[in-house]
Amino acid sequence: MAKRKFQLTEAEIAAFRQAEQQTRDVRELKRLQAVRLYGSGEAVATIQRLTGCGPVSPCQWASEYGRGGLDALRTRWRGGNANKLTAQQRQDLWEKLDQYSPDQVLASEVRQAQGGFWTVSDLQIVVQQWYGVTYRSESSYRSLLHASGFSYQKVEKVYRSQPGAVRLADFEAELEKK
């Protein structure tokens, strides 16, 4: 079995312990502990059992530490979501969605669904046109619609072969005549 080249000095181990006590981030603590144990000569299986990391992670984190020190093990994630629209742009979007129908702002050949209601595909188009922003997930567009006060409405399918559909077809024909 090959001998591990990565070894920490007593001063480095003390620095790791101090960083472990100062951090409030669980992910960062896991990395710090794993690298400290790895650099102290602990078996990878033991490190896995104690920290819950994968078998390759301690070696990868040790490499990151070697390149960038303790700062390389810090968590960069700051929370929140990927809001691509500012609060002002969101407010402007909500006002426009309330003021205009999709038929008024989009050409019929551009739209995927026809009708007077905002759909996810319509919202994707107008957000790109108005603000130059594209979200990766459709759920982001659904969230925008929901935040603007729109709700999801399931389309009711009416089949002409159903008994009540005959009356509906007669009613629609009567409306067209008027």
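The values are calculated or read from the model by the stated rules, or taken from the named source; none is laboratory data. The shown structure was predicted, so the numbers you read here are calculated from the model rather than taken from an experiment. Cβ coordinates were reconstructed from backbone atoms using ideal geometry, including for glycine residues, and neighbour counts include every protein chain displayed.
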Subject >> Selection count, segment 17-67, where residues are assigned to a loop (DSSP other than H, G, I, E, B) and either touching a residue at least 60 places away in the same chain (Cβ under 8 Å) or over 16 Å from Q7 (Cα atoms) (or both) >> reply: 8
Original post:
When you scan segment 114-147, how many residues do you find that are aromatic (F, W, Y), surrounded by 15 or more Cβ atoms within 10 Å (Cβ to Cβ) and touching a Pro at 6+ places or on another chain (Cβ under 8 Å)?
Top reply: 1
Original post:
Among (1) of a type in the set (S, T, Y); (2) within 30 Å of Q128 (Cβ to Cβ); (3) surrounded by 15 or more Cβ atoms within 10 Å (Cβ to Cβ), where does T86 come up short?
Top reply: (3)
Original post:
When only residues in segment 114-135 that are modelled with pLDDT of 85 or more and in a loop (DSSP other than H, G, I, E, B) count, which is nearest to L97 (Cα to Cα)?
Top reply: W118
**OP:** For segment 88-104, indicate whether the set of residues that are more than 30 Å from Q22 (Cα to Cα), assigned to a loop (DSSP other than H, G, I, E, B), outside the structural domain of Q18 (by TED's automatic domain parsing) and modelled with pLDDT of 90 or more is non-empty.
**Re:** no
Original post:
Are there any pairs with C-beta distances below 7 angstrom linking a residue in segment 84-110 that is more than 20 Å from S139 (Cα to Cα) to a residue that is exposed (fewer than 11 other Cβ atoms within 10 Å of the Cβ) and not polar (S, T, N, Q), with the two at least 6 apart or on different chains, and if so which?
Top reply: S101/G116; D103/G116
Original post:
Based on what the data block shows, is L70 in contact with a Phe, Trp or Tyr (Cβ under 9 Å, 6 or more places away or on another chain), modelled with pLDDT of 90 or more and not acidic (D, E)?
Top reply: yes
Original post:
Is it the case that segment 37-57 has a residue that's exposed (fewer than 13 other Cβ atoms within 10 Å of the Cβ) and within 17 Å of T9 (Cβ to Cβ)?
Top reply: yes
